[in-house]
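Notes for the one structure printed next.
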Amino acid sequence: ANLTVQQKPQIVDEEFDLLIQRALSELPAEYVKNLDNVAITYADEPTAEQLKRNHVRPDQLLLGLYEGVPQTSRYAASYNGVLPDKITIFKNPIREVTHDDESFFAQIKRTTWHEIAHHYGLGHDRIHVLERRKK
(Lines give C-alpha, C1' and ligand atoms only; values in the text may rest on other atoms or scores of the structure.)
Protein backbone atom coordinates (compact mmCIF):
# COMPACT_ATOMS: atom_id res chain seq x y z
CA ALA A 1 0.00 0.00 0.00
CA ASN A 2 1.22 3.47 -0.82
CA LEU A 3 0.85 5.91 2.01
CA THR A 4 1.11 9.60 1.39
CA VAL A 5 1.83 12.18 4.02
CA GLN A 6 -0.54 15.11 3.94
CA GLN A 7 1.47 18.33 3.72
CA LYS A 8 0.02 21.50 5.17
CA PRO A 9 -0.25 24.16 2.49
CA GLN A 10 2.72 26.48 2.34
CA ILE A 11 2.18 30.16 2.93
CA VAL A 12 4.29 32.70 1.14
CA ASP A 13 6.07 35.39 3.14
CA GLU A 14 3.91 38.21 1.82
CA GLU A 15 0.73 36.43 3.00
CA PHE A 16 2.27 35.73 6.40
CA ASP A 17 3.27 39.38 6.76
CA LEU A 18 -0.31 40.43 5.95
CA LEU A 19 -1.64 38.03 8.60
CA ILE A 20 0.69 39.57 11.20
CA GLN A 21 -0.49 43.05 10.17
CA ARG A 22 -4.11 41.87 10.46
CA ALA A 23 -3.39 40.41 13.91
CA LEU A 24 -1.91 43.74 15.02
CA SER A 25 -4.97 45.59 13.73
CA GLU A 26 -7.26 43.29 15.73
CA LEU A 27 -5.38 43.65 19.03
CA PRO A 28 -6.55 46.31 21.49
CA ALA A 29 -5.29 49.65 20.15
CA GLU A 30 -3.63 50.65 23.44
CA TYR A 31 -1.28 47.65 23.22
CA VAL A 32 -0.19 48.45 19.70
CA LYS A 33 -0.03 52.26 19.79
CA ASN A 34 2.16 52.27 22.92
CA LEU A 35 4.81 49.97 21.51
CA ASP A 36 8.09 51.79 21.92
CA ASN A 37 10.91 51.20 19.42
CA VAL A 38 9.87 47.66 18.43
CA ALA A 39 10.47 45.90 15.13
CA ILE A 40 7.94 43.14 14.44
CA THR A 41 9.25 40.63 11.93
CA TYR A 42 8.92 36.99 10.97
CA ALA A 43 11.08 34.03 10.06
CA ASP A 44 10.47 30.50 8.88
CA GLU A 45 12.16 28.94 11.93
CA PRO A 46 14.05 30.08 15.02
CA THR A 47 17.83 29.78 14.77
CA ALA A 48 19.76 27.22 16.77
CA GLU A 49 21.17 30.11 18.84
CA GLN A 50 17.66 31.45 19.62
CA LEU A 51 16.53 28.00 20.71
CA LYS A 52 19.60 27.51 22.89
CA ARG A 53 19.48 30.98 24.46
CA ASN A 54 15.82 30.45 25.39
CA HIS A 55 16.31 26.90 26.69
CA VAL A 56 13.87 25.38 24.20
CA ARG A 57 13.97 21.58 24.41
CA PRO A 58 13.94 19.42 21.26
CA ASP A 59 10.34 18.39 22.03
CA GLN A 60 9.19 22.02 22.20
CA LEU A 61 8.38 24.60 19.53
CA LEU A 62 9.16 28.30 19.68
CA LEU A 63 6.26 30.17 18.05
CA GLY A 64 7.46 33.69 18.72
CA LEU A 65 10.32 35.50 20.41
CA TYR A 66 10.73 38.87 22.09
CA GLU A 67 14.28 40.18 22.24
CA GLY A 68 14.98 43.49 23.91
CA VAL A 69 14.57 45.56 27.05
CA PRO A 70 11.02 45.51 28.43
CA GLN A 71 9.41 48.91 28.94
CA THR A 72 9.32 48.27 32.69
CA SER A 73 13.15 48.10 32.74
CA ARG A 74 13.76 51.16 30.57
CA TYR A 75 13.48 53.62 33.41
CA ALA A 76 16.65 52.35 35.05
CA ALA A 77 19.47 54.91 34.99
CA SER A 78 21.71 52.43 33.18
CA TYR A 79 19.37 52.04 30.20
CA ASN A 80 20.30 54.15 27.21
CA GLY A 81 19.32 51.81 24.39
CA VAL A 82 18.73 52.94 20.88
CA LEU A 83 18.46 49.60 19.08
CA PRO A 84 14.87 48.54 18.59
CA ASP A 85 13.42 45.64 20.47
CA LYS A 86 12.57 42.78 18.16
CA ILE A 87 9.54 40.51 18.05
CA THR A 88 9.85 37.58 15.67
CA ILE A 89 6.89 35.38 14.73
CA PHE A 90 7.93 31.94 13.43
CA LYS A 91 5.89 30.72 10.48
CA ASN A 92 6.65 26.98 10.36
CA PRO A 93 6.22 26.20 14.09
CA ILE A 94 2.87 28.00 14.06
CA ARG A 95 1.83 26.07 10.97
CA GLU A 96 2.86 22.86 12.74
CA VAL A 97 0.55 23.43 15.72
CA THR A 98 -2.51 24.50 13.72
CA HIS A 99 -4.87 22.52 11.52
CA ASP A 100 -6.58 25.06 9.25
CA ASP A 101 -6.42 28.69 8.13
CA GLU A 102 -8.65 29.91 10.96
CA SER A 103 -6.58 28.30 13.71
CA PHE A 104 -3.39 29.42 11.93
CA PHE A 105 -4.47 33.07 12.07
CA ALA A 106 -5.73 32.70 15.66
CA GLN A 107 -2.31 31.35 16.69
CA ILE A 108 -0.49 34.19 14.90
CA LYS A 109 -2.67 36.68 16.80
CA ARG A 110 -2.15 34.89 20.14
CA THR A 111 1.62 34.66 19.58
CA THR A 112 1.90 38.32 18.54
CA TRP A 113 -0.04 39.43 21.63
CA HIS A 114 2.09 37.17 23.85
CA GLU A 115 5.35 38.68 22.56
CA ILE A 116 3.98 42.23 22.84
CA ALA A 117 3.12 41.45 26.48
CA HIS A 118 6.80 40.58 27.04
CA HIS A 119 7.73 44.01 25.61
CA TYR A 120 5.54 45.54 28.31
CA GLY A 121 7.43 43.56 30.95
CA LEU A 122 4.98 40.77 31.64
CA GLY A 123 6.41 37.35 32.47
CA HIS A 124 4.97 34.04 31.33
CA ASP A 125 3.01 33.49 34.56
CA ARG A 126 1.19 36.82 34.26
CA ILE A 127 0.58 36.33 30.52
CA HIS A 128 -0.96 32.91 31.13
CA VAL A 129 -3.27 34.37 33.82
CA LEU A 130 -4.43 37.04 31.36
CA GLU A 131 -4.91 34.46 28.59
CA ARG A 132 -7.05 32.28 30.86
CA ARG A 133 -9.11 35.33 31.87
CA LYS A 134 -9.79 36.15 28.19
CA LYS A 135 -11.38 32.76 27.52
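Among the residues of region 52-69, those identified as over 11 Å from the mean Cα position of the chain (by Cα) and either part of a loop (DSSP other than H, G, I, E, B) or closer than 24 Å to S103 by Cα (or both) are N54, H55, V56, R57, P58, D59, Q60, L61, G68, V69. Within this structure, K86 passes the test of being open to solvent by 70 Å² or more (accessible area, probe 1.4 Å) and closer than 16 Å to L65 by Cα.
Please work out which residue is nearest to V69 (Cα to Cα), limiting yourself to region 20-36 and to residues that are part of a loop (DSSP other than H, G, I, E, B) and open to solvent by less than 70 Å² (accessible area, probe 1.4 Å). My answer is L35.
The values are calculated or read from the model by the stated rules, or taken from the named source; none is laboratory data. Remember, it's a predicted structure, so these values are computed and weren't measured experimentally. Protein only, heavy atoms only, side chains kept; ligands, DNA and RNA dropped before computing areas. Shrake-Rupley method; radii C 1.70, N 1.55, O 1.52, S 1.80 Å.
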